[in-house]
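The values are calculated or read from the model by the stated rules, or taken from the named source; none is laboratory data. Only a predicted model underlies this, so the values are computations on that prediction, with no experimental measurement involved. Backbone-built Cβ (ideal geometry, glycine too); neighbour counts: all protein chains shown.
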There are 2 protein chains.
Amino acid sequence: MSNTKASPLLESPVAPCCPPFSERPLTAEESVRTATMFKALGDPVRLRLFSMVASHEGGEACVCDISDVGVSQPTVSHHLKKLKEAGLLTSERRGTWVYYRVEPSVVAAMGQLLTPKG
Amino acid sequence: MSNTKASPLLESPVAPCCPPFSERPLTAEESVRTATMFKALGDPVRLRLFSMVASHEGGEACVCDISDVGVSQPTVSHHLKKLKEAGLLTSERRGTWVYYRVEPSVVAAMGQLLTPKG
DNA sequence: CAGTTGATTCGACGTGTGTCAACATAGACG
DNA sequence: CGTCTATGTTGACACACGTCGAATCAACTG
């Protein structure tokens, strides 16, 4: 369970989910899948953990580096699991510590959705 | 309550909230404010309503045009209120119908957060 | 092997959220 | 003024979610 691939929620995580919001409305199915990603970033603790990983040097961060967010360590683990299930983070165990890194394609897909009309 | 400005949550909705996630981690306060916006899009129904408004011709949509999302009308109204409180939508009553339109600056700020390293 | 530290899982609790039915409000139209 | 249509609000309910303490698993160290 500590392997890199642990997100069965997204069938093809690399493919851009949908065109920008300004182009066409989402279908019911698309909205369910996409809302999962936005919901994952809809919690202050998760959002902060995600930004910590994203901005950490080397693009990855050990749990021990980002555990200081004001909640208990089990709660941190819980939120990291949620982010992993949403496809936004991947984890890898190297010896004692577990390292998390962002999934660039998924983040790019979210950013593409918010692209203005142009 | 049907005026265009109805979002006291964001002090300066135009100013970009924060630098991209890849630059520096969010502070506790920033994460709370930003998570509100992501959480607003974290529900399938809201996400679909938002995409319907964003993709509608003229950049605005009447409630009657977007009410067909599979939930009751009070629920639609509830979700539109949430989106308005998050600063993502604005509403205006013109005669019989109420029109919603997206707040481009807030959406752009969210997209900027997801901008990759470049 | 025992012991220590890091990280996840389990069980439980309180709060928040999505949903609806029923009611209330706003404007149009006769 | 009365009535009809279009939105929004209220109250209530079930469920999900965030949080923690305790227990469990994993890897390094003596």
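Would it be correct to say that B:Val76 is without any contact (Cβ under 8 Å) to a residue 40 or more places away in the chain and not aromatic (Phe, Trp, Tyr)? Criteria met by B:Val76. Scanning the stretch A:15-42 for residues that are β-branched (Val, Ile, Thr) and closer than 13 Å to B:Asp43 by Cα gives A:Val32, A:Thr34, A:Thr36. Of the residues making up the stretch A:88-106, those that are touching a residue at least 40 places away in the same chain (Cβ under 8 Å) and within 14 Å of chain B (Cβ to nearest Cβ) are A:Leu88, A:Tyr100, A:Arg101, A:Val102, A:Glu103, A:Ser105, A:Val106.
Residue check: A:Tyr100 meets all listed conditions (1) more than 13 Å from DNA strand D (Cβ to nearest atom); (2) at pLDDT below 95; (3) of a type outside the set (A, V, I, L, M, F, W, C) but one, namely (2). Looking at A:Ser67, A:Ser72, just one residue is more than 8 Å from chain B (Cβ to nearest Cβ), closer than 18 Å to B:Ser31 by Cβ, crowded, with 16+ Cβ neighbours inside 10 Å and polar (S, T, N, Q), and that residue is A:Ser67. Scanning the stretch A:69-87 for residues that are within 15 Å of A:Tyr100 (Cα to Cα), more than 7 Å from DNA strand C (Cβ to nearest atom) and either outside any helix (DSSP H, G or I) or among the small types (Gly, Ala, Ser) (or both) returns A:Ala86, A:Gly87.
Scanning the stretch A:88-111 for residues that are part of a strand (DSSP E or B) and loosely packed, with under 15 Cβ neighbours inside 10 Å, we see that the one that is nearest to DNA strand C (Cβ to nearest atom) is A:Trp97. In the stretch B:41-64, of all residues being more than 8 Å from chain A (Cβ to nearest Cβ) and within 15 Å of DNA strand C (Cβ to nearest atom), the one that is surrounded by the most Cβ atoms within 10 Å (Cβ to Cβ) corresponds to B:Leu49.
If the condition is being in contact (Cβ under 8 Å) with a residue 24 or more places away in the chain and more than 8 Å from every other protein chain (Cβ to nearest Cβ), then the stretch B:21-35 contributes only B:Arg33.
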